[in-house]
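Q: Sharing a structure here in structure tokens format.
The values are calculated or read from the model by the stated rules, or taken from the named source; none is laboratory data. Quick caveat, the model's predicted, so the values are computed rather than measured. Cβ sites come from the backbone with ideal geometry, for glycine too, and all protein chains shown count toward neighbours.
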Amino acid sequence: MNNENKKSIKERTYSWLDERFKLSALIDYAKKKSVPKYRETIWYYFGGIALLLFVVQVVTGVLLLMYYQGTENSAYESVKYISTKVSFGWLIRSVHSWSANLMILSAFIHMFSVYFLKSFRKPRELTWYTGFGLLVMAMAFGFSGYLLPWNELAFFATKVGTDIAGQLPVIGEPILKLLRGGEDVSGATLSRFFGFHVAVFPGIFTVLLALHLIFIQRQGMAEPADWKDMPESEKKYIPFFPNFTMRELLIWLIVINILAILAVFFPWELGTKADPFTSAPIGIKPEWYFMFMFQTLKFLPGEILFLTGEFVGIAAFGIAGILWFLVPFWDRRTPSGKRNTIINYAGIFAVIFIIVLTTLGYILD
Amino acid sequence: MNDSSDNEPVKTKRRDFLGLLLGGGFFAWIIALFYPVVKYLEPPEIEEAKVSNVKIGKVEDMAKDSGKIIKFGNKPVIVIREKTGEYVAFSAVCTHLDCIVQYRKDYGQIYCACHNGRYDLNGRNISGPPPAPLTPFEVKVVKEEVIVHEKEV
């Protein structure tokens, strides 16, 4: 009794919770968690950065919802209202746009680092698949969110993007109608994209994210492939808590500052309101993460053999995407401890292809 | 023992039948559940007022060597007045990926900014990715008034 009274409030709160939720088990787990320390440790932070930016997206997205109106006649005006009349509205919108782009960038870096470090190998195949799903969902978020301000650039980007989906054989036409809510991009499309962006995608994304994080917690951090035959004494680790966590927090702080600088000094433009009866403006561009595909389509001729150029382009990207997704499945060499250089060459080719075509997209007319 | 071995095939058959009934019933139930949702997502056909011609103004309203987009019902149509003063009109929807084309004076051609597609003033796709020519429209001048018609087949 006496002893009990001497305990501080902190200790008593802890033991109250511990009796009910077995906190000590969690703490033991956190103590054991560690991150391999070697040349490539830096890449282990990027998943966390993407996670932080996703949280920023949720918070700023909810704030934008307080004023945004998703109809053909009021979408553009409501975003203008947010940017010009609402206190700090410009900042919230700018942060939402910048954070979206930085999130996709960090997710890309995260994916390529996992790919080159071959962390997708057994037993982490499902982590890779869910991660790939998250990246696709992030791009779907970007594509649907891009239309919401209902400006000219977004209008044509959506026309092109949905028309590409419509090129698919057999299922193309129904998908096109499902996405557009009709034959053409119209107010109906805006309503649907709004629904996808704020309800459907967040739901799917949350499930995938939960699975992705659970898998990582269950399996721990991936160790480099060549650690397999190394004696325990030579392996170095950083304790996840507090060392790695503190570093991650520091990086988050830096990312938030970068985000703030970008959002304040390069506020996101609104452009001119969409009009279904104007020509596509010269110099029209999609968001940068679609640029390499956009630029490839520009280079393809109208017809290749007996197929249309766009169909060949879309099919090629589709197949490449599926192969990329299935890499843990067809990479049979890495799990058995052999080097699989094809994986590296394919990855390097993908990176160079994306960089070159993206650059061309920005420097050519 | 004898009894049970006699009954066994009957029992299995009965069980199989019940399983099939249940499974089939469940499958039908799933379809009944999702059918309305799938149908709901399919946008209803909207009745459109049929437009057969659109007046776009006087002959001299448009400068020579220029183009503009007009509303033809709910479809965009590009009307071009050539250097010679002749009028031509085409569907403004690029045959590549659905963008809206424009008249470029500097090329003297119809141009799509989305993927650098080009058409000549007969609507033929001449360079870039467009796979087919633009659908032509007819332009008639009646009493100095320019009227765009749907081309008769």
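Q: When you scan the stretch B:97-134, how many residues do you find that are of a type in the set (S, T, Y) and within 18 Å of A:T278 (Cα to Cα)?
A: Looking only at that region, the number is 3.
Q: Among the residues of the stretch A:320-365, what is the count of those that are surrounded by fewer than 14 Cβ atoms within 10 Å (Cβ to Cβ), within 22 Å of A:E223 (Cβ to Cβ) and touching a residue at least 12 places away in the same chain (Cβ under 8 Å)?
A: So the answer is 3.
Q: Can you tell me which of (1) within 13 Å of chain A (Cβ to nearest Cβ); (2) over 30 Å from A:L307 (Cβ atoms); (3) aromatic (F, W, Y) is the one B:Y87 doesn't meet?
A: Answer for B:Y87: the failing condition is (1).
Q: Scan the stretch A:146-171 residue by residue and report those that are free of Cβ contacts under 8 Å to residues at least 12 places away in the same chain and either at the interface with chain B (Cβ under 9 Å from one of its Cβ atoms) or in a helix (DSSP H, G or I) (or both).
A: If the condition is that a residue be free of Cβ contacts under 8 Å to residues at least 12 places away in the same chain and either at the interface with chain B (Cβ under 9 Å from one of its Cβ atoms) or in a helix (DSSP H, G or I) (or both), then A:G166 is the only one that fits.
Q: Could you list all residues from the stretch A:110-136 that are more than 13 Å from the chain's Cα centre (by Cα) and either in a helix (DSSP H, G or I) or free of Cβ contacts under 8 Å to residues at least 60 places away in the same chain (or both)?
A: A:S113, A:V114, A:Y115, A:F116, A:E125, A:L126, A:T127, A:W128, A:Y129
Q: What is the one condition in (1) outside any helix (DSSP H, G or I); (2) under 25 Å from B:P129 (Cβ atoms); (3) among the hydrophobic types (A, V, I, L, M, F, W, C); (4) more than 14 Å from chain B (Cβ to nearest Cβ) that A:F277 does not satisfy?
A: (4)
Q: Can you find, within the stretch A:218-251, the residue that is surrounded by the most Cβ atoms within 10 Å (Cβ to Cβ) among those that are of a type in the set (A, V, I, L, M, F, W, C) and more than 12 Å from A:P36 (Cα to Cα)?
A: Out of the qualifying residues, it is A:I251.
Q: Name the one entry in A:L300, A:L364, A:L357 that is within 14 Å of chain B (Cβ to nearest Cβ) and under 21 Å from the mean Cα position of the chain (by Cα).
A: None of the other options fit; the residue is A:L357.
Q: Residue check, B:Y107 against (1) within 13 Å of another protein chain (Cβ to nearest Cβ); (2) under 21 Å from the mean Cα position of the chain (by Cα), all met but one. Which one?
A: The one condition B:Y107 does not meet is (2).
Q: Here is a further query. Within the group A:G283, A:G203, which residue is within 14 Å of chain B (Cβ to nearest Cβ) and surrounded by fewer than 12 Cβ atoms within 10 Å (Cβ to Cβ)?
A: A:G283 is the lone residue from the list that is within 14 Å of chain B (Cβ to nearest Cβ) and surrounded by fewer than 12 Cβ atoms within 10 Å (Cβ to Cβ).
Q: Okay, next question. Could you please let me know if B:D106 is without any contact (Cβ under 8 Å) to a residue 24 or more places away in the chain, more than 19 Å from A:F299 (Cβ to Cβ) and surrounded by fewer than 21 Cβ atoms within 10 Å (Cβ to Cβ)?
A: Considered against the rule, which asks whether it is without any contact (Cβ under 8 Å) to a residue 24 or more places away in the chain, more than 19 Å from A:F299 (Cβ to Cβ) and surrounded by fewer than 21 Cβ atoms within 10 Å (Cβ to Cβ), B:D106 comes out as yes.
Q: Right, something else. Does B:I30 count as out of contact with any helix residue (DSSP H, G or I) (no Cβ under 9 Å at 6 or more places or on another chain) and surrounded by 13 or more Cβ atoms within 10 Å (Cβ to Cβ)?
A: Working: out of contact with any helix residue (DSSP H, G or I) (no Cβ under 9 Å at 6 or more places or on another chain): yes; surrounded by 13 or more Cβ atoms within 10 Å (Cβ to Cβ): no.
So B:I30 fails the test.
Q: Taking the stretch A:221-257, which residues are assigned to a helix (DSSP H, G or I), farther than 23 Å from A:I49 by Cβ and of a type outside the set (G, A, S)?
A: A:D226, A:W227, A:E232, A:E234
Q: I need the full set of residues from the stretch A:173-185 which are more than 25 Å from the chain's Cα centre (by Cα) and more than 9 Å from every other protein chain (Cβ to nearest Cβ), in order please.
A: A:E173 - this is the single residue of the stretch A:173-185 that is more than 25 Å from the chain's Cα centre (by Cα) and more than 9 Å from every other protein chain (Cβ to nearest Cβ).
Q: While we're looking at this one, here's another question. Out of the stretch A:63-80, which residues are more than 11 Å from A:P149 (Cα to Cα) and surrounded by 13 or more Cβ atoms within 10 Å (Cβ to Cβ)?
A: Answer for the stretch A:63-80, where residues must be more than 11 Å from A:P149 (Cα to Cα) and surrounded by 13 or more Cβ atoms within 10 Å (Cβ to Cβ): A:L63, A:L64, A:Y67.
Q: Determine the pairs where a residue that is on the phi > 0 side of the Ramachandran plot, located within the stretch B:42-65, has a partner that is surrounded by fewer than 10 Cβ atoms within 10 Å (Cβ to Cβ) with Cβ atoms under 8 Å apart, the partner being 6 or more residues away or on another chain.
A: none
Q: Taking the stated definitions as given, is A:V35 touching a residue at least 12 places away in the same chain (Cβ under 8 Å) and in contact with a strand residue (DSSP E or B) (Cβ under 7 Å, 6 or more places away or on another chain)?
A: Answer is yes for this residue.
Q: Can you run down the residue pairs with Cβ atoms below 7 Å, 6 or more apart or on separate chains, where the first is in the stretch A:13-25 and surrounded by 11 or more Cβ atoms within 10 Å (Cβ to Cβ) and the partner is in a helix (DSSP H, G or I) and among the charged types (D, E, K, R)?
A: Partner pairs satisfying both residue conditions: A:S24/A:D18.
Q: Return the only residue of A:V312, A:V351 being in a helix (DSSP H, G or I) and either on the phi > 0 side of the Ramachandran plot or touching a strand residue (DSSP E or B) at 6+ places or on another chain (Cβ under 6 Å) (or both).
A: On inspection, the qualifying residue turns out to be A:V312.
Q: Tell me, which residue of the stretch B:123-142 that is away from chain A (no Cβ under 14 Å) and in a strand (DSSP E or B) is surrounded by the most Cβ atoms within 10 Å (Cβ to Cβ)?
A: B:F137
Q: Let me ask something else about it. Hey, can you tell me all the residues within the stretch B:110-122 that are closer than 19 Å to B:E86 by Cβ, surrounded by fewer than 21 Cβ atoms within 10 Å (Cβ to Cβ) and not aliphatic (A, V, I, L, M)?
A: Selection gives B:D120, B:N122.
Q: Mind checking which residues of the stretch A:194-234 are at pLDDT 85 or above and among the aromatic types (F, W, Y)?
A: Once the filter is applied, which keeps residues that are at pLDDT 85 or above and among the aromatic types (F, W, Y), the stretch A:194-234 yields A:F194, A:F196, A:F201, A:F205, A:F215.
Q: Moving to a separate point now. Within the stretch A:156-192, work out how many residues are touching a strand residue (DSSP E or B) at 6+ places or on another chain (Cβ under 9 Å) and over 22 Å from B:E45 (Cα atoms).
A: The qualifying residues number 1.
Q: Does A:F311 satisfy being in contact (Cβ under 8 Å) with a residue 60 or more places away in the chain, among the hydrophobic types (A, V, I, L, M, F, W, C) and within 14 Å of another protein chain (Cβ to nearest Cβ)?
A: Considered against the rule, which asks whether it is in contact (Cβ under 8 Å) with a residue 60 or more places away in the chain, among the hydrophobic types (A, V, I, L, M, F, W, C) and within 14 Å of another protein chain (Cβ to nearest Cβ), A:F311 comes out as yes.
Q: Confirm whether A:T41 is of a type outside the set (F, W, Y), within 30 Å of A:S233 (Cβ to Cβ) and in contact (Cβ under 8 Å) with a residue 40 or more places away in the chain.
A: Taking the combined requirement at face value, the residue satisfies it.
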